[in-house]
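Data first, discussion second: the structure below is written as structure tokens.
Since every read-out is calculated from the coordinates, none of them should be taken as a lab result. Just so it is clear, the structure is predicted and the values come from calculations on it, not from any experiment. With ideal geometry, Cβ positions are generated from the backbone for all residues, glycine too; neighbour counts draw on all protein chains shown.
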Amino acid sequence: MTNIDVHCPFAIPQMSDPSRRKIYEYLYTHGEKTVADITRIMKLKQPTVSYHLKEMKGEGLLASRKEGREVYYRVKLLCPEGGSCFGA
């Protein structure tokens with residue numbers, strides 16, 4: 001897993017939590033994944049992963065889509081503040 005260089009001052013507080021940073025890096029490098037996929041790879045408990053995903057989505061860092069019972073999360077490469085975050 002690579003270390004993503006986060007440039008957005010809006011995102012820095014969200015990236016201060018090591019678990020969030022790992023989840024974000026995983027989604028950034030591997031694309032859209034379900035909560036179950038992230039839980040399995042990150043070796044975190046499902047409620048923990050869900051909480052972090054909800055927080056990052058609420059801050060505009062992630063987007064999601066529902067397919068049946070599964071929710072797929074992906075990095076939202078547009079800055080939540082309208083700038084050019086994450087090297088996009």
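Between the residues Pro47, Pro18, Tyr28, the greatest Cα displacement towards the positive end of the dipole of the range 12-80, with unit charges on the Cβ of Lys, Arg, Asp and Glu, is found for Pro47.
Compared with the direct C-alpha span, the chain from Ser16 to Leu77 gains 20.1 nm at full extension, assuming 0.36 nm per residue. Computed 3J(HN,Hα) for the range 18-25, one whole-Hz value per residue from the Karplus formula 6.51 cos²θ - 1.76 cosθ + 1.60 where θ = phi - 60°, is x, 5, 5, 4, 4, 5, 4, 4, glycine and proline marked x.
Taking label positions 7 Å along the Cα-Cβ direction at both Lys54 and Glu32, the computed distance is 2.3 nm, reported to one decimal. Near Val71, the amide H atoms lying under 5 Å from its own belong to Val35; only residues 5 or more places off or on other chains count, and H is placed 1.01 Å from N.
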